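> One structure, pasted below without further comment.
The values are calculated or read from the model by the stated rules, or taken from the named source; none is laboratory data. All of these numbers come straight from a predicted model, not from anything done at the bench. Note: ideal-geometry Cβ built from the backbone for every residue, glycine included; neighbour counts use all protein chains shown.
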Amino acid sequence: MDKIVITGGAGFIGSHVVDHFFEKYPEAEVHIFDKLTYAADVRNITPLVDNPRVHLHVEDICNLDACFSILEGADLLIHAAAESHVDNSFGNSMTFTKTNVMGTHALMEAAHKHAIPKIIHVSTDEVYGEVLEGDFDETAPLYPTNPYSASKAGAEMVISGYIRSFRLPVTVVRANNIFGIRQFPEKIIPKFLMMLMQGEELTIHGNGQNKRHYLAAPDFAAALSLIAERWKPHEIYNIGTNEEYTNLELSQMICSQFGLKLDDCATFVEDRPFNDGRYALNWNHITDLGWKPTMKLENELPKVAKWYSDNFARYESSEKQERKPVNMASGSNVSYL
């Protein structure tokens, strides 16, 4: 491949995808298409952004002209850009629809016009809705239960229309909760780590019995590259793990990084609206390609905690603030369209 475009590449998940594909394809140019909103940070892709093979385009995926310009000549498009924080979607749902649905529509239109041969769309396990027992495979119907997951399901409907109308070569991936370094501290793991570092009590929704599966960001990125290598258009792949924890269990794991017990540093707060009890995926389809997760949360959590300790100042007073690009080295491949 000569040109790879990764939307949301300066964000948490996207930056891990950038890392992986930059290393996996040493001859390819990697184009990062990112609006640099509050959850993204140029430091997530430093020092790669100074490499002549890496180009950062600071623009909104809802801008159709930008999509046409950036996607021209691409061999692979990985669409990871999204508004993704469920809590925010209850109070700001129109932003989620605009970015996740309209942004995806703009990208698919540009990809269709440019005849991009490979497109991977990053969706979520939340489009299936909750499952209290068992799991969902890729044939299960979509049954979103909150504005965020509804917007991601809407994006998939746009893609389905382009597949049926134009045979657009898109593969959809639906993953469990992804963890790792560089995640903005609004999700439970980085948020709770930062709270404890500041001497604050953890706030646990409801009774803390909600369950989630946790997938390491590098394992997720490796799954995407395997899909790109063994390409079959119009496939859907669940990408999951067996690492399932209740919020209480996860909170205790986080407390233990500081030598604390949960009873000494947590309080229970009112649950959010319709907080799904559990998500679970059957991911046999992706294992047929030869993929399996290699990282366990309990082994990686100390490394993640250390990273947030070392980078505490980055997030200390930045919650809810829009991020702006930091000053880049002279000659960096950064464009503002």
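> Hey, Asp276 hits all of (1) touching a Phe, Trp or Tyr at 6+ places or on another chain (Cβ under 8 Å); (2) more than 19 Å from Pro185 (Cα to Cα); (3) not polar (S, T, N, Q); (4) not in a helix (DSSP H, G or I) but one; which does it fall short on?
Result: Asp276 passes all but (1).
> Those residues that are over 18 Å from Val122 (Cβ atoms) and among the aromatic types (Phe, Trp, Tyr), I need them from segment 7-46; list them, please.
If the condition is that a residue be over 18 Å from Val122 (Cβ atoms) and among the aromatic types (Phe, Trp, Tyr), then Tyr25, Tyr38 are the ones that fit.
> Follow-up question, since we're still on this one. Residues to consider are Gly180, Gly103; find the one that is closer than 30 Å to Phe258 by Cα and either at pLDDT 95 or above or crowded, with 23+ Cβ neighbours inside 10 Å (or both).
Result of the check over Gly180, Gly103: Gly180.
> Still on this structure: When you scan segment 189-268 for helices (runs of 4 or more DSSP H) that lie fully inside it, which ones turn up with 1 or more residues that are of a type in the set (Ser, Thr, Tyr) and more than 30 Å from Ala28 (Cβ to Cβ)?
Hits in segment 189-268: 247-256.
> Looking only at segment 105-151, filter to residues that are of a type in the set (A, V, I, L, M) and part of a loop (DSSP other than H, G, I, E, B); which one of those is nearest to the chain's Cα centre (by Cα)?
Among those residues, the one meeting the criterion is Leu142.
> May I ask you to verify whether Asp65 is over 25 Å from Ala222 (Cα atoms), among the acidic types (Asp, Glu) and part of a helix (DSSP H, G or I)?
Yes: the conditions hold for Asp65.
> Within segment 82-92, identify whether any single residue is modelled with pLDDT of 95 or more and closer than 25 Å to Leu226 by Cβ, and answer yes or no.
Within segment 82-92 (the criterion being modelled with pLDDT of 95 or more and closer than 25 Å to Leu226 by Cβ), the answer is no, since none of the residues qualifies.
> Pick out the one residue from Arg230, Arg314 that is under 28 Å from Thr203 (Cβ atoms) and either surrounded by fewer than 14 Cβ atoms within 10 Å (Cβ to Cβ) or at pLDDT below 95 (or both).
Arg314
> Could you check segment 175-203 and list, in sequence order, the residues that are acidic (Asp, Glu) and free of Cβ contacts under 8 Å to residues at least 12 places away in the same chain?
Selection gives Glu200 alone.
> Pull out all pairs, ordered by first then second residue, where Cβ-Cβ is under 7 Å, the residues are six or more apart or on different chains, the first lies in segment 22-37 and is farther than 21 Å from Gln183 by Cα, and the second is of a type in the set (A, V, I, L, M, F, W, C) and modelled with pLDDT under 95.
Once the first residue is farther than 21 Å from Gln183 by Cα and sits in segment 22-37, its partners that are of a type in the set (A, V, I, L, M, F, W, C) and modelled with pLDDT under 95 give Tyr25/Met1; Ala28/Met1.
> Looking at segment 127-168, which of its residues are touching a Lys or Arg at 6+ places or on another chain (Cβ under 7 Å) and either crowded, with 21+ Cβ neighbours inside 10 Å or among the β-branched types (Val, Ile, Thr) (or both)?
Of everything in segment 127-168, those that are touching a Lys or Arg at 6+ places or on another chain (Cβ under 7 Å) and either crowded, with 21+ Cβ neighbours inside 10 Å or among the β-branched types (Val, Ile, Thr) (or both) turn out to be Val127, Val131.
> Test Val58 against the criterion of being touching a residue at least 40 places away in the same chain (Cβ under 8 Å) and crowded, with 20+ Cβ neighbours inside 10 Å, and give yes or no.
No; evaluated as a whole, the condition is false for this residue.
> Let me ask another. Need the failing condition index for Val18 against (1) surrounded by 24 or more Cβ atoms within 10 Å (Cβ to Cβ); (2) modelled with pLDDT of 95 or more; (3) outside any helix (DSSP H, G or I), just the number.
With (1) surrounded by 24 or more Cβ atoms within 10 Å (Cβ to Cβ); (2) modelled with pLDDT of 95 or more; (3) outside any helix (DSSP H, G or I) applied to Val18, the lone miss is (3).
> Filter segment 221-242 down to the residues that are within 30 Å of Val269 (Cβ to Cβ) and under 18 Å from the mean Cα position of the chain (by Cα) and list them by number.
Gly240, Thr241, listed by residue number.
> Hey, another quick one. From Val173, Val158, which residue is touching a helix residue (DSSP H, G or I) at 6+ places or on another chain (Cβ under 9 Å), part of a helix (DSSP H, G or I), among the hydrophobic types (A, V, I, L, M, F, W, C) and within 25 Å of His105 (Cα to Cα)?
Just a single option satisfies the conditions, and that option is Val158.
> Looking at segment 287-298, I want the residues that are free of Cβ contacts under 8 Å to residues at least 60 places away in the same chain and over 14 Å from Glu229 (Cα atoms) and have a partner that is surrounded by fewer than 12 Cβ atoms within 10 Å (Cβ to Cβ) and of a type in the set (Asp, Glu) with Cβ atoms under 9 Å, at least 6 apart or on another chain. Which pairs are those?
Between residues of segment 287-298 that are free of Cβ contacts under 8 Å to residues at least 60 places away in the same chain and over 14 Å from Glu229 (Cα atoms) and residues that are surrounded by fewer than 12 Cβ atoms within 10 Å (Cβ to Cβ) and of a type in the set (Asp, Glu), there is no close pair.
Per-residue answers, yes or no, for (1) in contact (Cβ under 8 Å) with a residue 60 or more places away in the chain; (2) touching a Ser or Thr at 6+ places or on another chain (Cβ under 8 Å); (3) not polar (S, T, N, Q):
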| position | (1), (2), (3) |
| --- | --- |
| Ala111 | no, no, yes |
| His114 | no, no, yes |
| Ser123 | no, no, no |
| Gly129 | yes, yes, yes |
| Ala140 | no, no, yes |
| Gly154 | no, yes, yes |
